[in-house]
2 protein chains.
Amino acid sequence: MVKSPGSQLDRTFAALVDPTRRAILMRLEQEGSISVGELARPFAIKLPAVMKHLDVLGAAGLVTRSKQGRTVAVRLAPDPMKEAMDWLRRYERFWSARLDRLVAYAEAQEAKAGTMKAQEDA
Amino acid sequence: MVKSPGSQLDRTFAALVDPTRRAILMRLEQEGSISVGELARPFAIKLPAVMKHLDVLGAAGLVTRSKQGRTVAVRLAPDPMKEAMDWLRRYERFWSARLDRLVAYAEAQEAKAGTMKAQEDA
């Protein structure tokens with residue numbers, strides 16, 4: 001099967017669009033491995049709806065599920081999110097450029113205040 | 001209007017799902033400001049399709065458009081992507097933990113090779 005180069009990124013970002021799926025990933029970030037029942041408990045949606053979200057996350061490779069006796073354990077698979085973060089990182093220079101300008105402005109203001117103080121003191 | 005807390009993130013990730021929209025953002029990262037016509041040229045899709053993608057990007061606050069005479073200039077608005085990157089950053093420890101283990105393994109291998117060499121030399 002030939003995969004188009006963007007397809008994993010497509011699936012990763014699509015999985016992250018939904019706030020419930022992001023909340024599931026955040027919970028798994030804390031918990032490591034957790035049963036589907038435990039995972040579903042805090043949500044105001046029914047178990048089948050949670051299962052559907054887990055299907056999307058599973059298809060995107062962001063969670064794995066394994067049967068442990070009578071329960072299904074869900075585990076975070078964070079690797080695909082690295083590619084998404086690396087993709088976003090190319091825009092980092094815009095934010096750091098803005099921060100640089102802010103620091104330069106603050107320093108200029110400080111220097112000006114220092115000059116005024118020196119003139120007052122003279 | 002009360003905005004649900006996830007809504008900007010929802011729009012940002014939704015905008016990033018489509019490879020054409022990601023390609024537009026990457027082009028704008030290089031070009032700064034560019035006309036819609038110029039922007040559309042390298043794509044195998046028609047101008048109205050590009051305009052639709054620009055609508056999605058505009059609604060997510062990722063591009064701004066301004067009329068300059070007879071052309072429309074498109075400019076990158078990278079700020080919302082910072083929130084998306086910050087969201088993904090919480091998973092960074094998983095990747096750096098893996099890197100730490102890899103470094104530890106490489107160092108252990110190196111130490112072992114060193115011990116073997118010392119024993120051979122003795």
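Remarks
To keep it simple, each residue is scored yes or no on (1) surrounded by 14 or more Cβ atoms within 10 Å (Cβ to Cβ); (2) under 18 Å from the mean Cα position of the chain (by Cα); (3) modelled with pLDDT of 90 or more.
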position: B:SER66; (1), (2), (3): no, no, yes
position: B:VAL72; (1), (2), (3): yes, no, yes
position: B:ASP79; (1), (2), (3): yes, yes, yes
position: B:ASP86; (1), (2), (3): no, yes, yes
position: B:SER96; (1), (2), (3): no, no, no
position: B:ALA106; (1), (2), (3): no, no, no
position: B:THR115; (1), (2), (3): no, no, no
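- Note on the stretch A:56-101: residues that are among the hydrophobic types (A, V, I, L, M, F, W, C) and out of contact with any Leu (no Cβ under 8 Å at 6 or more places or on another chain) amount to 8.
- Near pairs, Cβ below 9 angstrom, 6+ apart or cross-chain, from the stretch B:10-30 (free of Cβ contacts under 8 Å to residues at least 12 places away in the same chain and more than 13 Å from B:PHE43 (Cβ to Cβ)) to any residue that is of a type in the set (Asp, Glu) and part of a helix (DSSP H, G or I): B:VAL17/A:ASP10
For (1) surrounded by 16 or more Cβ atoms within 10 Å (Cβ to Cβ); (2) within 25 Å of the chain's Cα centre (by Cα), each residue gets a yes or a no:
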| position | (1), (2) |
| --- | --- |
| B:ARG41 | no, yes |
| B:VAL50 | yes, yes |
| B:ASP55 | no, yes |
| B:GLY61 | yes, yes |
| B:GLY69 | no, no |
| B:LEU76 | yes, yes |
| B:ARG90 | no, yes |
| B:LEU102 | no, no |
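The values are calculated or read from the model by the stated rules, or taken from the named source; none is laboratory data. Here the structure is a predicted model, which means the values were calculated and not measured. With ideal geometry, Cβ positions are generated from the backbone for all residues, glycine too; neighbour counts draw on all protein chains shown.
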